[in-house]
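Worksheet for the structure shown next.
The values are calculated or read from the model by the stated rules, or taken from the named source; none is laboratory data. Just so you know, these numbers come straight off a predicted model, no measurement behind them. Please note: Cβ atoms are built from the backbone with ideal geometry, for glycine as well, and neighbour counts cover all protein chains shown.
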Amino acid sequence: MESLNFDLETQTVRDLNQYLHGDAAALAGQRIAVTSPNGAHNIAVGVDAELHVTIKGHAGYYAGGMNQQATIVIEGSAGTGVAENMMSGKVHVRGFASNGAGASAHGGLLVIDGDAGLRCGISLKGGDIVVGGSVGSFSAFMAQAGRMVICGDAGDALGDSLYEAVLYVRGAVKSLGADAQYEPVSDADLDAVRLLLAAAGLDHDPASFKRIASARTLYHWNADANQEY
Amino acid sequence: MDAKPVQFVRMQHEESHGYDRKTIDYIHSAAQRGLYEIRGLGAKRHVPHFDDLLFLGASLSRYPLEGYREKCSTQTVLGTRFAKKPVVLDIPVTIAGMSFGALSANVKEALGQAATAMGTSTTTGDGGMTQEERRSSKTLVYQCLPSRYGFNPDDVRRADAIEIVIGQGAKPGGGGMLLGQKVNPRVAAMRTLPAGVDQRSASRHPDWTGPDDLAIKIQELREITDWNTPVYVKVGATRTFNDVKLAVHAGADVVVIDGMQGGTAATQTCFIENVGIPTLAAVRQAVDALEDLNMKGQVQLIVSGGIRTGADVAKALALGADAVAIGQGMLMALGCNSDSYFQNGALHSAAADYAALGTSPGFCHHCHTGKCPVGVTTQDAALEQRVQPDEGSRRVRNYLKTLNMELTTIARACGKQNVHHLEPEDLVALTVEAAAMARVPLAGTSWIPGWSN
Amino acid sequence: MCGIVGLLVKTPALRERLGELMVPMLIGMTERGPDSAGLAVFGKEVDAGQRKLSLYAGFTDEGAQFPWAALADALNHAMDVTARFDVKGNHAVLTLQGDAERVKLWLREHYPKLYLLSTGRSIDLYKDIGSPAEVAARYDFANLKGSHLVGHTRMATESAVTPDRAHPFTAGEDFCLVHNGSLSNPYGVRRKLEPLGIHFDTDNDTEAACRFIEWRLREGDALPEALQKGFEELDGFYTFLMGTTTELALIRDPFACKPAVVAENDDYVAIASEFRSLAHLPDIRNAKVFEPAPEEMYVWKA
């Protein structure tokens, strides 16, 4: 299928988003290329159609924000909050992602081939995130639901204040956050990691990942537990 | 002979001002439990407020308007700066953000119906948008909070305005709080939490910090809504002058300022009473900031926190607000702190339920328990039936009507054909503190403390 | 609250184009910082016996019409410093031979409204209120030459929008700092430093950070040690970009909420708050682009 082209040297992000917000049925299956992104913010936000967007370069903040159904590929790096609050669909960053990648995502799949910055998966609400590289500190902070697969290392305070999201880490974890703990890996975990890696196009042995989940000791505030809240 | 200590009889029952019974009780409780107190509503302490201001009604130099034949307009337009579809209201009184979770679904529906009937707006809260509220409220403001519970693009597009919440007056610098007893299955599902757990709070937004990043976030929301929808920015009152300027720089259409008297369903008492500044002090700062930037009229100001009466509304407008938002007052209109509730066609006494909480009508602040005796701030299936949408909306409608009538009565008495023509020069103050905070003269003088002539 | 830009060129040929390459970077940060802008450029060092003072006349009555020639005459008459002025409206770089401190004292005495922006052998500093594009045009930034520079666009958070509160801030000689973020204990830092004889010009939180580093450098710390102490004593959120005669240095606080991105190749190192500002640099497609990690010090030598 032919690709429709938006060049951000001559057209605006607003023009692009306006187009992408058109009739979902008419847009279904279309392929759109965005050239000269030059770090512009808010590229392809609020899309709600089964289309394919390729951003040919570096994106600024919130690329693919609040995505529904679409597949959005960023061939360079992505700024803060890539795929924030995504509901469904897929966002794939071939370079690195800045802070807050996948923040508060409810569904869909975010893949980052390179490293992700701090607070990757913060406030995650059901989405899946697969990072080919490492993630920065405070990742999965207050992650409520969903899964993260980290093929590299993690920084400090991984999974601080974790609810029901589950994390799988292959490399070294600098430190775990409050209420996050290592747990034994089950067959179900191996299957989940295998499928997520396959969806991300990454090749690692699922058995090389450790499982991290909530110890659930912060679920009820009580004085005896010496909690900080 | 024994030396008897001298005792002054009348001083045997002199209460210490600093270590009064309330304080002693606090220390006893802390020693027992090792826990801070959590409660609902807003600051209870006495602070300078609108009560300390008075209007200068018509006299020989100013002429009043007649009651019915001479119109006093109350129409209010919010969000004219960038949005294609600003919010147009019939009255300048809106219903403040309160979450489904803090409040029951029936209450949200009652508020929606009443607002629709009176031509004003309601606001979602920390739990997201319910079907009931969207269906019943003609003009719905959708909050974007640090927690992002339930936040989704479909509701963003369904909203009439979006309110990015940096904080609220009861706890500027703190996030939402909902204890496990109110996290029932429906609330839990909307917030993506396990049922029955205590909800922890995020105090910062997950994907932006600071006004420079807020500018980009506001643009994102504009892009998602194709520039149709006004974006409000809500701040708890602290460094209000700076905050309003920054909100304007970041691109806000409307700024919402919530003073320390603003309510909450659950927060630490020490936070409510000791953090944030009074609404009176904040309004003046907010208006100064807008005037300093020459944005008065382009960016609108909504004021909340302790707005209770039509006179309060009038004073807020006179000081420069474009509209007010009321939270606690609406709950009281529904029956909060009433000794009775209306169910199955009759009034029932709620006395026993207040007593069970260790309180009584007029003193209750137990929203956080979920055991609201009159069914307002509860998720309990039995208790929530004590507010029925029809009766509830009737009460809130009446309250809004009364507020509006009082507002126009005062405006007419000051000679105004439009409530938005009320101005600071229509006001004087009763106390030095109020005069300084509101920057209006002490009654009978031309003195504004701290302001050189 | 702000935008930061930094540029260090690695080839002599590019020194001629330093300003030309930087202006689009600075203007790219206008939305982050619409109120005011400034930069410090490090160029050819003057001789050991000479000094350069960057001076701002915006607070004087004459402003852009300040009589710099008359000042030059008066100064050269008062002392033997062969003062020479390079003027751009309300700004001038004064090059002198001799005792810079004596000249500064004389200036304070005779021209108290003239504002001293920087002192050093290689640094020139410009800052003013106005949009970045206006400030760049006012001082002809596009024609600046040198090995490296540190620039800033400002959205004032707590202190007022005035020229002296714009960044960069300087300390001592040939040192400057720009800041994106907000310190939460600037007044405490100030109260600690003032009794030690450190003088503050403004109530700006960035100045508190700059003076803190000035103090540590004065006490003999090398820059890395000074910054390490800064991590402990300065509270809040910050990305700091600093310049000395020979280096550009960058650090981010542990929370790293304020953005920063670096692009490096054989020709240059460019730093900005957002990639947008780097997008038009030559051969950016093949540059190594990365985000600096929090709490780490990055130093590039000119």
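What the table below lists for this structure:
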{"quantity": "Positions within segment B:215-234 being within 11 Å of chain A (Cβ to nearest Cβ) and not in a loop (DSSP other than H, G, I, E, B), in sequence order", "calculated": "B:A215, B:I216, B:K217, B:I218, B:Q219, B:E220, B:L221, B:R222, B:E223, B:I224"}
{"quantity": "Restricting segment A:34-72 to residues that are among the hydroxyl-bearing types (S, T, Y) and at negative phi, the residue that is surrounded by the most Cβ atoms within 10 Å (Cβ to Cβ)", "calculated": "A:Y61"}
{"quantity": "Members of segment C:199-225 that are at pLDDT 90 or above and either part of a loop (DSSP other than H, G, I, E, B) or aliphatic (A, V, I, L, M) (or both)", "calculated": "C:F200, C:A208, C:A209, C:I213, C:E219, C:G220, C:D221"}
{"quantity": "Only one of C:A136, C:A222 that is within 29 Å of B:A289 (Cα to Cα) and hydrophobic (A, V, I, L, M, F, W, C)", "calculated": "C:A136"}
{"quantity": "Residues of segment B:127-144 classified as free of Cβ contacts under 8 Å to residues at least 60 places away in the same chain, in contact with a strand residue (DSSP E or B) (Cβ under 7 Å, 6 or more places away or on another chain) and not polar (S, T, N, Q), total", "calculated": "5"}
{"quantity": "Condition check for B:V88: buried (at least 24 other Cβ atoms within 10 Å of the Cβ), within 23 Å of B:K401 (Cβ to Cβ) and not hydroxyl-bearing (S, T, Y)", "calculated": "no"}
{"quantity": "When residues of segment A:73-97 are limited to those that are more than 9 Å from every other protein chain (Cβ to nearest Cβ) and not in a strand (DSSP E or B), the one surrounded by the most Cβ atoms within 10 Å (Cβ to Cβ)", "calculated": "A:V82"}
{"quantity": "Elements of type helices (runs of 4 or more DSSP H) in segment B:276-391, at least 3 residues being buried (at least 23 other Cβ atoms within 10 Å of the Cβ) and of a type in the set (A, V, I, L, M, F, W, C)", "calculated": "B:279-292, B:310-319, B:328-334"}
{"quantity": "Residue that is β-branched (V, I, T) and closer than 20 Å to C:L55 by Cβ, where the choices are C:I198, C:I129", "calculated": "C:I129"}
{"quantity": "Unique residue being closer than 24 Å to A:S208 by Cα, at pLDDT 95 or above and touching an Asp or Glu at 6+ places or on another chain (Cβ under 9 Å) when the list is A:A145, A:A116", "calculated": "A:A145"}
{"quantity": "Some residue of segment C:10-26 being assigned by TED's automatic domain parsing to the domain that holds C:T153 and in a strand (DSSP E or B)", "calculated": "no"}
{"quantity": "Selection count, segment B:18-70, where residues are closer than 19 Å to B:G358 by Cβ, within 14 Å of chain A (Cβ to nearest Cβ) and exposed (fewer than 12 other Cβ atoms within 10 Å of the Cβ)", "calculated": "3"}
{"quantity": "Segments classed as helices (runs of 4 or more DSSP H), wholly inside segment B:130-199, with at least 2 members that are of a type in the set (D, E, K, R) and facing another protein chain (nearest Cβ under 10 Å)", "calculated": "B:153-158"}
{"quantity": "B:D90 in contact with a Ser or Thr (Cβ under 9 Å, 6 or more places away or on another chain), at pLDDT 95 or above and over 30 Å from B:Q143 (Cα atoms)", "calculated": "no"}
{"quantity": "Single condition A:R147 does not satisfy, out of (1) surrounded by fewer than 24 Cβ atoms within 10 Å (Cβ to Cβ); (2) in contact with a Leu (Cβ under 7 Å, 6 or more places away or on another chain); (3) at the interface with chain B (Cβ under 10 Å from one of its Cβ atoms)", "calculated": "(3)"}
{"quantity": "Count of residues meeting criterion [assigned to a helix (DSSP H, G or I), touching a Lys or Arg at 6+ places or on another chain (Cβ under 9 Å) and among the charged types (D, E, K, R)] in segment B:236-275", "calculated": "1"}
{"quantity": "Flag for B:A434 being over 25 Å from B:T309 (Cα atoms), in contact with an Asp or Glu (Cβ under 7 Å, 6 or more places away or on another chain), in contact (Cβ under 8 Å) with a residue 12 or more places away in the chain and surrounded by 14 or more Cβ atoms within 10 Å (Cβ to Cβ)", "calculated": "no"}
{"quantity": "Some residue of segment A:182-193 being within 14 Å of another protein chain (Cβ to nearest Cβ), in contact with a strand residue (DSSP E or B) (Cβ under 6 Å, 6 or more places away or on another chain) and under 30 Å from A:H92 (Cβ atoms)", "calculated": "no"}
{"quantity": "Residue in segment A:27-39 that is more than 9 Å from every other protein chain (Cβ to nearest Cβ), more than 30 Å from C:F255 (Cβ to Cβ), assigned to a helix (DSSP H, G or I) and modelled with pLDDT of 95 or more present", "calculated": "yes"}
{"quantity": "Any pair with Cβ under 9 angstrom, 6 or more apart, that starts in segment C:93-113 at a residue that is closer than 21 Å to C:P67 by Cβ and ends at one that is outside any strand (DSSP E or B) and among the hydroxyl-bearing types (S, T, Y)", "calculated": "C:T95/C:T82; C:L96/C:T82; C:Y111/C:T60; C:K113/C:T60"}
{"quantity": "Exclusive hit being touching an Asp or Glu at 6+ places or on another chain (Cβ under 6 Å) and not β-branched (V, I, T), set B:S121, B:S201, B:S136", "calculated": "B:S136"}
{"quantity": "Within segment A:12-33, tally of residues that are surrounded by fewer than 19 Cβ atoms within 10 Å (Cβ to Cβ) and hydrophobic (A, V, I, L, M, F, W, C)", "calculated": "5"}
{"quantity": "Residue within segment A:185-199 that is in a loop (DSSP other than H, G, I, E, B), out of contact with any Lys or Arg (no Cβ under 7 Å at 6 or more places or on another chain) and surrounded by fewer than 24 Cβ atoms within 10 Å (Cβ to Cβ) present", "calculated": "yes"}
{"quantity": "Leading residue by the ranking (nearest to the chain's Cα centre (by Cα)) among those in segment A:102-120 that are outside any strand (DSSP E or B) and under 12 Å from A:H92 (Cα atoms)", "calculated": "A:G102"}
{"quantity": "Flag for C:G146 being of a type outside the set (A, V, I, L, M), at pLDDT 95 or above and either more than 12 Å from the chain's Cα centre (by Cα) or buried (at least 24 other Cβ atoms within 10 Å of the Cβ) (or both)", "calculated": "yes"}
{"quantity": "Flag for C:A263 being assigned to a strand (DSSP E or B) and within 12 Å of chain A (Cβ to nearest Cβ)", "calculated": "yes"}
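Matching residues to (1) among the aliphatic types (A, V, I, L, M); (2) without any contact (Cβ under 8 Å) to a residue 40 or more places away in the chain; (3) surrounded by 22 or more Cβ atoms within 10 Å (Cβ to Cβ); (4) in the same structural domain as C:H179 (by TED's automatic domain parsing):
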site: C:Y238; (1), (2), (3), (4): no, no, yes, yes
site: C:F275; (1), (2), (3), (4): no, yes, yes, yes
site: C:I284; (1), (2), (3), (4): yes, yes, no, yes
site: C:P292; (1), (2), (3), (4): no, no, no, yes
